[in-house]
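> Take this structure first; my questions come after.
The values are calculated or read from the model by the stated rules, or taken from the named source; none is laboratory data. On a predicted model such as this, the values are computed, not experimentally measured, just so you know. For neighbour counting, all protein chains shown are included, and Cβ atoms are generated from backbone atoms with ideal geometry for every residue, glycine included. These accessible areas exclude ligands, DNA and RNA; they are computed on the full protein's heavy atoms, side chains included. Shrake-Rupley method; radii C 1.70, N 1.55, O 1.52, S 1.80 Å.
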Amino acid sequence: MQIIHTIAELRAALAGQHGTTCVPTMGNLHEGHLALVRQAAALGGPVVATIFVNRLQFLPHEDFDRYPRTLARDAELLRGAGCDIVFAPDEAELYPEPQAYKVAPPAALADILEGEFRPGFFTGVCTVVLKLLQIVQPAQAVFGRKDYQQLKVLEGMARQLALPTRVVAGDTVRAADGLALSSRNGYLGEAERAEAPALAHALATLAAAARDGSQPLPALEAEACAALRARGWAPDYLSVRRRSDLLPPGDDERRAGAPLVALAAARLGATRLIDNLEF
């Protein structure tokens, strides 16, 4: 496995290769990332995992400076998961001048849910992902369903910009107690870690009530938020949406079994966790 830090070196290493799969990450890897890499390896062709903490997707008050940079550990994990190349550029390599050209996804998809609470987040995500895909030129790129809205935004970007890269979804990986694996789980204290699976349970409860169709969705969502607040959480949202466009479903759609997803973001102490459940 090669560890490469410059665009020129990466392009030289990939010259003449076909069927490359890219797995973009911000490092501080866990089993969820490694599952995506193993999924990429099963597709055949070289696997390039990118590690870059992207300043453009952090708000000024967020954890950019303290986000863990663990390249040596990450590289060993990637080696064991079947990765061929780790592309780990620094900021000067990826953004040699201020990134004035940016990709702005449609507000209807990007300014709701996560976008409401993290304005500009998806512009930062789309910009760095498009740039990485332009550099790697992969046949496909693998992203996790755990970041569900991000996946939908990137699928739309690839489709509308006619990218030659196919977006492939990987399943959420969970701990034995149901907590979705996340790099930010490491911020949780012992008591917080024991409480953290309550977010997944809240989503399951909301999904079951929403599918019943007998109560208005806003009331169910407010009830779900209130239940988490009573446990000491600070929820940003718990919401049921259509999988296709992340818009609220109608009552008839709920009762008819339309493909839906429940999404949540909530703070537990100082740590903000997100999760989702398709149903």
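> V173: open to solvent by less than 30 Å² (accessible area, probe 1.4 Å) and at pLDDT 95 or above, yes or no?
When the stated conditions are applied, V173 does not pass them.
> So, T50, is that one among the hydroxyl-bearing types (S, T, Y), touching a residue at least 12 places away in the same chain (Cβ under 8 Å), closer than 23 Å to Y148 by Cα and crowded, with 20+ Cβ neighbours inside 10 Å or not?
yes
> Out of segment 208-219, which residues are closer than 12 Å to P249 by Cβ and of a type in the set (A, V, I, L, M)?
Correct list: A210, L217.
> OK, next. If I ask for residues that are within 25 Å of L260 (Cβ to Cβ) and either open to solvent by 70 Å² or more (accessible area, probe 1.4 Å) or at pLDDT below 95 (or both), which ones from segment 176-190 would you list?
Listed by number, the list is empty, since nothing qualifies.
> Would you call E97 out of contact with any Asp or Glu (no Cβ under 7 Å at 6 or more places or on another chain) and more than 30 Å from G44 (Cβ to Cβ)?
So E97 fits the description; yes.
> For segment 235-270, what are the residues that are under 18 Å from the mean Cα position of the chain (by Cα), surrounded by fewer than 18 Cβ atoms within 10 Å (Cβ to Cβ) and in a loop (DSSP other than H, G, I, E, B)?
The answer is R243, S244, D245.
> Residues in segment 138-160: is at least one within 27 Å of R11 (Cβ to Cβ), open to solvent by 30 Å² or more (accessible area, probe 1.4 Å) and assigned to a loop (DSSP other than H, G, I, E, B)?
Checked segment 138-160: at least one residue is within 27 Å of R11 (Cβ to Cβ), open to solvent by 30 Å² or more (accessible area, probe 1.4 Å) and assigned to a loop (DSSP other than H, G, I, E, B).
> With A200, A196, A209 as the choices, which residue is of a type outside the set (V, I, T) and over 23 Å from the mean Cα position of the chain (by Cα)?
Criteria check complete, one pass: A209.
> Let me ask you something else. Which residues, taken from segment 87-134, are open to solvent by 40 Å² or more (accessible area, probe 1.4 Å) and touching a His at 6+ places or on another chain (Cβ under 8 Å)?
D90, E93 - these are the residues of segment 87-134 that are open to solvent by 40 Å² or more (accessible area, probe 1.4 Å) and touching a His at 6+ places or on another chain (Cβ under 8 Å).
> What's the total number of residues in segment 65-82 that are open to solvent by less than 20 Å² (accessible area, probe 1.4 Å) and hydrophobic (A, V, I, L, M, F, W, C)?
The number of residues fulfilling the criteria is 3.
> Restricting the search to segment 2-12, which residues are touching a strand residue (DSSP E or B) at 6+ places or on another chain (Cβ under 7 Å) and open to solvent by 30 Å² or more (accessible area, probe 1.4 Å)?
Q2, I3
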